[in-house]
Amino acid sequence: VNISARLQAYALNTHDLQLFQAVKHKRNAIIKLRDGSCIDYCQHVHDQAQEHLQNLAPYGVTQQDLTTFQAAIKKFLKWQPKTRSAIVNKRMSTRALAESIALCATKLKAMDIYVKMLQTSHPEFYETYTGCRKLITPSYRKIALRGQITNEEGMPIHNAVITINTLRKTTKTTHLGRFEIKTIPPGVYKVTIQHPSHQTQTIKVAITANQRTDITTKLPPGIPMRMAS
C-alpha cells in the first residue's frame, strides 16, 4: 500500500495514466483480494517500482524498500498453502472424531441390549448401569427479567403483582419493590403490573437470549371509588 501510493503520485505527476490505473488499488480492495490475486498485484507493484526506481527517490522509495517488499512477497508465497492445508487437516480430524463418536454410540447401544439380560437376575447392577447411562443436562435458571416498581415519589411498592399472561408467569415485588423472573424465551412480551392502591400498567418488554432485561416502572396512585348514595 505504501509503495503503490507513492507510485500513484509519481504516475500522476508524469501523466502516466496506464501506470496510475495499474497500481491504484486501495488498502481495503487489496485485503479483499484472493491470496493468489493479492500476490500477483503485489508483485506487479514491486516490478513497476523497480522499473521506475531511479525516478522514485523524490517520492521516498528506495532499493531497500523494494528488497524488503520482495522478501515479504516470498514469505507470503510460502505461507499461502498452509491455510488450505490447515483447513483440510481440521476437516479430516473432525470427520475422524465423528466416526469415533458414532462407533462409541453403537457400542453403548449394544451394551444396553446385553445388560437387559441382567434386569431380573441382577437388579441392583441393572439399576446402577441404567442410572449411569442417563444423560444429565444441567438446567441453570438464569434471570431473564429484573425490575423495580415504585410510586410517583420513588418509594418502593410492596406486593405488586407482575404477570406475563402468555407464559402464565407471576411474581410479586419485595419490600424494596424489586422482582425477578427466570427462564423467559426470547421475544417481546406484555408485562402487567397490578397493585390494589395504584393504577394497573401494561408495558412491552423485549427479552434477548442469554441477556438480562432490567426495567423500572412508576405506578400512579389509584382512582378512589365513589360510594353509592
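Rundown of residues vs (1) modelled with pLDDT of 90 or more; (2) touching a strand residue (DSSP E or B) at 6+ places or on another chain (Cβ under 6 Å), yes/no style:
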| site | (1), (2) |
| --- | --- |
| GLN54 | yes, no |
| LYS74 | yes, no |
| LEU77 | no, no |
| ILE113 | yes, no |
| THR120 | yes, no |
| PRO138 | no, no |
| GLY147 | yes, yes |
| PRO156 | yes, yes |
Checklist outcome for this item: Those residues of segment 177-226 that are at positive phi and not in a loop (DSSP other than H, G, I, E, B) come to a total of 1
Checklist outcome for this item: Per the filter on segment 74-113, residues of a type in the set (Phe, Trp, Tyr) and in contact (Cβ under 8 Å) with a residue 24 or more places away in the chain are PHE76
Next on the checklist: If I filter segment 126-135 for residues that are within 39 Å of the chain's Cα centre (by Cα) and closer than 29 Å to THR213 by Cβ, do I get at least one hit?
Outcome noted: no
Item to check | Total residues in segment 141-158, condition within 14 Å of THR217 (Cα to Cα), in contact with a Lys or Arg (Cβ under 8 Å, 6 or more places away or on another chain), part of a loop (DSSP other than H, G, I, E, B) and not acidic (Asp, Glu) | outcome: 1
Checklist entry - Taking helices (runs of 4 or more DSSP H) that fall entirely within segment 6-70, which contain at least 2 residues that are of a type outside the set (A, V, I, L, M) and closer than 24 Å to PRO81 by Cβ? => result 35-51
Checklist entry - For segment 183-197, what are the residues that are hydroxyl-bearing (Ser, Thr, Tyr), in contact with a strand residue (DSSP E or B) (Cβ under 6 Å, 6 or more places away or on another chain) and closer than 16 Å to LYS172 by Cα? => result THR192
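The values are calculated or read from the model by the stated rules, or taken from the named source; none is laboratory data. Remember, predicted model here, so these are calculated numbers, not experimental data. Neighbour counts are summed over all protein chains in view; Cβ atoms, including those assigned to glycine, are modelled from backbone coordinates with ideal geometry.
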